[in-house]
Amino acid sequence: MKIGLIQASSQKQKNGILEHYLNAAINSDDQLINFGIYPNSNTNLSYVQVFLAIALLINSKSLDFIVTGCTSGQGMMLACNTFPNIQCGYLPTPQDAFLFSHINNGNVISFPLGLNWGWSGEINFSETMKALFKQPWGTGYPPSQASRKVKNTTEVKEFNQLNKKSMTSILPSVDSDLLVPVLKYEPVYNFIIQNGKDTELVNLIKKLKHSYFN
């Protein structure tokens, strides 16, 4: 699984900690790509711009999964779920993480990086990530209700798509004040151009960047 890490600029000092504990939690055949926002970066993206970057990474099929967060974790989770093809969970505890991976089987998680992050806050993040990446995913829980849980999860994802436009329909209407900083952020833009599998969306992203900067 190709896993991305990107968190709000307000929490960029925690980026190295998050990368360290994520690498310790993921499986040996997984790959972690750290998009920042890095502690020494001059780039400042609002959490709205970060969730736009997440939507581009997921919808371009550049990645399989993304770990993100903001101060509370709630705003990022709600924002991510406004976009198509994203099922983002709010995971403040290992219990939430285990249930999300085994029942909800989504592709983005948001962690509270400021709220309740006190002394030893990194321990809760570490244990939450270990619970999240405990295999196997999407099998349902508890075992006695597994088939029903898997069926319900599929139905939720289908309803999600019925009620949303495609990313290629949405992107041209996004306010340039929100979109341009994301297109300028090279770790995300370059990765999408090099790894995106949705050719139509990747070409649109290239076209929009060209229109703004040329």
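So Gly118 fits all but one of (1) crowded, with 20+ Cβ neighbours inside 10 Å; (2) farther than 18 Å from Leu22 by Cα; what number is the exception?
Every listed condition holds for Gly118 apart from (1).
In the set Ser166, Ser173, which member is more than 21 Å from Ile6 (Cα to Cα) and free of Cβ contacts under 8 Å to residues at least 12 places away in the same chain?
The match here is Ser173.
Does Gly73 satisfy the criteria of being more than 10 Å from the chain's Cα centre (by Cα), more than 22 Å from Val180 (Cα to Cα) and either basic (Lys, Arg) or surrounded by fewer than 19 Cβ atoms within 10 Å (Cβ to Cβ) (or both)?
no
What number of residues within region 50-82 are closer than 20 Å to Trp117 by Cβ and not hydrophobic (A, V, I, L, M, F, W, C)?
7
Restricting to region 38-59, name every residue that is hydrophobic (A, V, I, L, M, F, W, C) and buried (at least 22 other Cβ atoms within 10 Å of the Cβ).
Hits for region 38-59 are Leu45, Val50, Phe51, Leu52, Ala53, Ile54, Ala55, Leu56, Leu57, Ile58.
Determine which member of the set Ser72, Ser126, Ser120, Ser62 is among the small types (Gly, Ala, Ser) and under 30 Å from Ile193 (Cα atoms).
Within the list Ser72, Ser126, Ser120, Ser62, the selection yields Ser62.
Read-outs: derived from the displayed coordinates by stated rules, not from any lab. This is a predicted model, so every value here is computed, not measured. Ideal geometry is used to build each Cβ from the backbone, glycine not excepted, and the neighbour counts take in all protein chains shown.
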